[in-house]
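So the structure is just underneath, and the comments pick up after that.
The values are calculated or read from the model by the stated rules, or taken from the named source; none is laboratory data. This one's a predicted model, so the numbers in the text were calculated from it and none came from an experiment. Counting neighbours? That spans all protein chains shown, and the Cβs are built from the backbone with ideal geometry, glycine included. Areas reflect the complete protein model, heavy atoms only, side chains present, ligands, DNA and RNA absent. Shrake-Rupley method; radii C 1.70, N 1.55, O 1.52, S 1.80 Å.
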Amino acid sequence: MKKRRFLGIGIALLLIIVVLLVLIGRTFVKHSSPQNVDSSEYNQPMDSGYVSVAGDADSLTSDSYTEDTELNEHEVMKAVLLGNAPFCYINGSEIDTITIFDVPSLFDPNDEYMKIWEYVVVDLDADGQDEVVLFVAGAAGDTGGKLILLREGEEVYGYKVDNRKLVDLKTDGTFYYSEGLGGTEDGIAVITNLSGSNMELDRITYAKGKNGEFDTFTVDREPATEEEYLDRVSQQDQKTNAKWYEFSEENISSSFRK
């Protein structure tokens, strides 16, 4: 009888211990699990074809951006690049409101392979504020151009330039350019007076001629010899290149953090 009594007590104690362990385990899981997060605080994933198909405005998400939202300078540009906000495209004397999805069609609306391949963040006009340059090209890579995006307040403005400009862009904003069929002028330039209503190409050092044969040279906006011109070109080559990134949601998100 004593053995059975002790056995019953032992079983009861074992059950109590099991129940206590279960209760402790549930409490631990409850307090160690992630709490509910409001997903509206984050940008929704973009359409994977956003860089190759123009004008897919219906697929844009606007939850992360409204006109009443106060955003810092990087968040404004990030919203445009992610397709969550429009920007003002300077089309001659007109201003068109478009989105990042429309950019490929600016260069060739008939090329279905035209897309944004890369982008770079650099202070083009040395005003202390970064601009973004998009590299746009078709399947063959020999058409397209570049789009400069600059921010003024909570507005972003875009200027289109051809592929013969902003070549070998450096971190100080200088770059190579070429003008004229057959190469009538090659040189080094910077962008100046960049704003929502103006953009100018400031030619610093250049050579002029016909059919790639140059006979007139300018260095630092002053007449120079060919040797002086070539020396300045060599100095330009030694400058640090601006870093280009693949145009992807992941890169954009990491490049424009608060």
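Across region 197-250, the relative contact order, built from alpha-carbon pairs under 8 Å that are at least six residues apart, equals 22 percent. Charge tally around GLY187: other residues with Cβ under 10 Å, Lys/Arg +1 each, Asp/Glu -1 each, net 0. Within 9 Å, Cβ to Cβ, of LYS208, how many net charges do the neighbouring residues add up to if Lys/Arg are +1 and Asp/Glu are -1? My count for the surroundings of LYS208 gives -2.
Relative to the Cα centre, the charge distribution of region 178-258, modelled as +1 at Lys and Arg Cβ and -1 at Asp and Glu Cβ, gives a dipole magnitude of about 460 debye. Projection of the Cα convex hull of region 75-211, averaged over all directions and equal to a quarter of that hull's surface, yields 8.7 nm². Of the cross-linked pairs LYS78/LYS165; LYS78/LYS239; LYS115/LYS165, those separated by over 21 Å at the C-alpha level are LYS78/LYS165; LYS78/LYS239.
For region 171-242, the list of trypsin sites (Lys or Arg not before Pro) that fall in a loop by DSSP and count at most 16 other C-beta atoms within 10 angstrom reads ARG221, LYS239. Note on LEU201: accessible area is roughly 40 Å² with a 1.4 Å probe, heavy atoms of protein only. The separation of region 191-207 from region 122-145, counted between C-alpha centres, amounts to 14 Å.
Pairs exceeding a 18 Å alpha-carbon distance, out of LYS146/LYS243; LYS160/LYS208; LYS146/LYS170; LYS160/LYS243: LYS160/LYS208; LYS160/LYS243.
Among residues other than TYR89 whose Cβ falls under 13 Å from its Cβ, what is the net charge (Lys/Arg +1, Asp/Glu -1)? Combined, the nearby Lys, Arg, Asp and Glu give -3.
Checking every one of the trypsin sites (Lys or Arg not before Pro) in region 96-186 against DSSP loop status and a limit of 11 other Cβ atoms within 10 Å picks out no site at all.
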